[in-house]
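I'd like to ask you about the structure that follows.
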Amino acid sequence: MRPLAVLGGTFDPIHIAHLAVAWEAAELLDAEVRLMPASVPPHRPPPIADATTRVAMLRAALGGQDRIGLDTRELARGGPSYTIDTLGEMRAEEGDRPIVLLLGADAFAGLPSWHRWRALFEAAHIGVLSRPGVAREWPAELAEEVAARQVADPRQLCNQPAGLVAELEVTPLEISATRIRDLLAAGREPRYLLPQGLFDDPALLAPYRQPGPPDGRS
């Protein structure tokens, strides 16, 4: 059964690196990929752009292709966006279909700080988006949990609904949403860092045009 892969984030704003890793994951897993914007991310400050604007940006970015889709359930649910709640909903909907949670290497290394993190493996596989040639460093409790779950071939995730971990080597693109927000606040145009569709409607990037204090979100 073709897997369903999920890439979450604030997407504040959606940029080329988000799309690139989603597309490469779709190819590596032969999966349908959905981008899932978070409502209130538990581990970072709230987004600058509101939910309506972020969804509009995502729709503009995803136009013209049919491999990457959009899932807005966390925005509709409101409140803190706990991943285990989202995956539980998706598991109830998808039955035994393989579900893959896509996480960057840094996010995966911080998994033990997540709400009910061990339960994630009961609801989904985890695809760790890694850079070729970069050694991984995982906390001891995470490494212990993953030891019996890790598989070398990402296609093995297709063989069962959940419970495995695979590293997905994707092309590294050093693009930061924080940097993009800073450029926009300074009155610059970050062409080729953002999908072209975001420039077609001036209202989409308007929330970032006013200067503000620097922040650490990405």
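The values are calculated or read from the model by the stated rules, or taken from the named source; none is laboratory data. The structure displayed is predicted, hence computed values, not measured ones. Neighbour counts are summed over all protein chains in view; Cβ atoms, including those assigned to glycine, are modelled from backbone coordinates with ideal geometry. Each accessible area value is taken on the protein alone, full model and side chains, heavy atoms only, with ligands, DNA and RNA left out. Shrake-Rupley method; radii C 1.70, N 1.55, O 1.52, S 1.80 Å.
Output the residues belonging to region 120-142 that are open to solvent by less than 40 Å² (accessible area, probe 1.4 Å), outside any loop (DSSP other than H, G, I, E, B) and modelled with pLDDT of 95 or more.
L120, F121, A123, H125, I126, G127, V128, L129, L142
Where in region 1-116 are the helices (runs of 4 or more DSSP H), entirely inside, with at least 1 residues that are of a type in the set (S, T, N, Q) and open to solvent by 50 Å² or more (accessible area, probe 1.4 Å)?
So the answer is 51-62.
Also: What are the residues in region 143-155 that are assigned to a loop (DSSP other than H, G, I, E, B) and open to solvent by 80 Å² or more (accessible area, probe 1.4 Å), if any?
A148, A152 - these are the residues of region 143-155 that are assigned to a loop (DSSP other than H, G, I, E, B) and open to solvent by 80 Å² or more (accessible area, probe 1.4 Å).
Now a separate question. Any residue that is at pLDDT 95 or above, basic (K, R), more than 26 Å from P154 (Cβ to Cβ) and in contact with an Asp or Glu (Cβ under 8 Å, 6 or more places away or on another chain) - is there at least one of those in region 46-64?
Yes, region 46-64 has at least one match.
For A162, state whether it is touching a residue at least 60 places away in the same chain (Cβ under 8 Å), open to solvent by less than 10 Å² (accessible area, probe 1.4 Å) and among the small types (G, A, S).
Considered against the rule, which asks whether it is touching a residue at least 60 places away in the same chain (Cβ under 8 Å), open to solvent by less than 10 Å² (accessible area, probe 1.4 Å) and among the small types (G, A, S), A162 comes out as no.
Here's a follow-up. Hey, can you tell me all the residues within region 65-84 that are among the acidic types (D, E) and modelled with pLDDT of 95 or more?
Result: D71, single match.
May I pose another question? Could you tell me whether S130 is in contact with a Ser or Thr (Cβ under 6 Å, 6 or more places away or on another chain) and under 29 Å from L198 (Cα atoms)?
No.
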